[in-house]
Structures are given as C-alpha cells and as structure tokens.
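Everything below concerns the one structure shown next.
Only the coordinates and a few stated rules stand behind these numbers; no lab work does. Everything quoted here is computed from the prediction, not taken from an experiment. Positions of Cβ are backbone-derived with ideal geometry, glycine not excepted, and every protein chain shown enters the neighbour counts.
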Amino acid sequence: MNDFFLATNRSVLVNDIEVRQIQMKDFDTWATYAEVIKQFLKNKKHSDEVLTELFAAHGMQVISTIACVTDLDNEPLFKLAADEQAFKELLKNVLLVNQAYFKYEKPKRGAKENTQTASTWFDSFQFLVSMGHQHSEIMQMTYGAFDGYVKAASKMHRQGIVNSAVAARVAQSDKKGFEAFKKDMGSD
C-alpha cells in the first residue's frame, strides 16, 4: 500500500467485508495475536500453501487478528474459513492492508539492543509529540502512518544534526562567511 493509503486510513472491501488498517489505540490487542503470524511469515511469501500452513498452525491467532480489523467476530470467521479460497483472499488482504506491521525488517548491521537504553513505545510517542503531533492524533493513526511518521521525523532530526554540525564547522573556519550566512538566513 502506498503512503497516502496509510496516511488517510483507507480500507479495502473484500466480498462485502471491510478490511481496515490497525490503529495505534488498538495495537496492544492486535499485537497479541498478530505477532505470532508475523514471526511465522518471516521471510516467506504469502502463497496459498504458506497461508494454509499458517492457519493450521495458528488458526485462533489468524481468526483473532482478522477480527481486529473487520466487523466480523470469531463465529462468522470460522464459518467463512469453510470456504478456503474466500478465507485466504480475506487473509491476504488483511496482510496487505497492514503490511507495515507484517513486513519483516532486518536489524541494521552492527545494531545491538542494549536493555538499559532500549526504546519503548513512549519514546516513539514522545518523539512524534516533540515534532508537533498530539497524543490524541497519534492514537488515531494507523500503524502504517505511525511508522511512516516516525521514520520521516527521524530522518528530519538526523538532517538537522548534520546541518548544525556543518554550521558549527563553518563558523569556526570562516567567521566572516558565517556572519554573512546568518544574515542571509535571517532575511525574508
């Protein structure tokens, strides 16, 4: 799905069933079920065979994950599972609409998790708040939009650090040039 699909919280219709993106306010419930699916699908294509294996191994988690992003509860979903192709089509769309969560990103090379400084959800929320978002907005975001905003804000933050370092370096080496630069930056 593209960035605008994620940012506008769009959904798709599959055989008259609306498949929504997971919102941050429901993420704790979603992750309880969906994490098992994410780990099972790690480095696998979403082929019919793999989805059959997934449902056989983790049927309850699949049903519960789908229930989180549709208006169906467990009983109608179990009935739908009797039509294997229709159920797989629904599951594929749940995975596609929420691919921001299900896609596995390999850890960056050399990145080691330090348990004393490991980031929490509050760190991510605070980062977005410091970039101008409000808590209530963040909770209404889809996971895909949340992930995209965190990545964009992080990129902007890193660029700001680089710009500050360049300005400090220029200020040390060329005081006249830096004063002219500051004057140009201050004028409209």
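Quick notes on this structure:
- Within the chain, helix-based [θ] at 222 nm, where runs of 4 or more DSSP H residues each add -39,500 (n - 2.57), nearest 500: -21000 deg cm²/dmol
- Between E105 and K79, the FRET efficiency from the beta-carbon distance, with R0 = 30 Å, is close to 0.25.
- Relative contact order (%) - the chain, alpha-carbon pairs under 8 angstrom, separation at least six: 28
- Selected from Q39, Q159, Q99 as most flexible by GNM, with the chain as the system and alpha-carbon contacts under 10 Å: Q159
- Rough spin-label spacing in nm, given labels placed 7 Å along Cα→Cβ, for L13 and A86: 1.6
- Springs join every pair of Cα atoms under 10 Å in this Gaussian network model of the chain, and among S154, S64, S173 the largest mean-square fluctuation is at S173.
- Applied to segment 155-165, the Karplus parametrisation 6.51 cos²θ - 1.76 cosθ + 1.60 on θ = phi - 60° returns per-residue 3J(HN,Hα) values of 4, 5, 5, 4, 5, x, 5, 4, 4, 5, 5 Hz, with x for Gly and Pro.
- Among G177, V166, Y149 - extreme Cα towards positive end, dipole of segment 121-186, charges at beta-carbon: G177
- Around the Cα centre of the chain, unit charges on the Cβ atoms of Lys, Arg, Asp and Glu (plus for the first two, minus for the last two) sum to a dipole of about 1280 debye.
- In sequence order, segment 48-55 has phi-based couplings of 4, 5, 5, 5, 5, 4, 4, 5 Hz under the Karplus curve 6.51 cos²θ - 1.76 cosθ + 1.60, θ = phi - 60°, and Gly or Pro positions carry x.
- Phi angles of segment 143-148 translate, via the Karplus equation with coefficients 6.51, -1.76, 1.60 and θ = phi - 60°, into HN-Hα couplings of 4, x, 5, 4, 4, x Hz per residue; Gly and Pro are given as x.
- Calculation over all alpha carbon pairs of segment 1-68 in 10 angstrom steps from 0 returns a P(r) of 18, 43, 37, 2 percent.
- Most mobile listed residue (D123, D147, D26) in the chain, GNM with C-alpha springs under 10 Å: D123
- In this structure, the amide hydrogen of V14, modeled 1.01 Å from its nitrogen in the peptide plane, lies closer than 5 angstrom to those of V19, counting only residues at least 5 positions away or on a different chain.
- Average projected area [Cα convex hull, segment 121-186], square nanometres: 5.6
- When each of K79/K151; K45/K151; K38/K155; K38/K88 is checked by Cα-Cα distance, pairs over 28 Å: K79/K151
- Evaluated at q = 0.12, 0.14, 0.21, 0.22 Å⁻¹, the base-10 log of the normalised Debye intensity for segment 33-93, with identical point scatterers placed on the Cα atoms, takes the values -0.24, -0.33, -0.78, -0.86.
- Exposed loop positions in the chain were taken to be GluC sites (Glu not before Pro) whose DSSP state is not H, G, I, E or B and which have at most 13 other beta-carbon atoms within 10 angstrom. Between these positions, the longest stretch is 1-104.
- Loop-located trypsin sites (Lys or Arg not before Pro) across segment 1-105 with a Cβ neighbour count of 11 or fewer within 10 Å are K42, K45, with loop assigned by DSSP.
- Across the chain, counting alpha-carbon atoms alone, Rg and Dmax equal 22.2, 77 Å.
- Each label point was placed 7 Å from the Cα along the Cα-to-Cβ direction; for M139 and K155 their separation is 2.9 nm.
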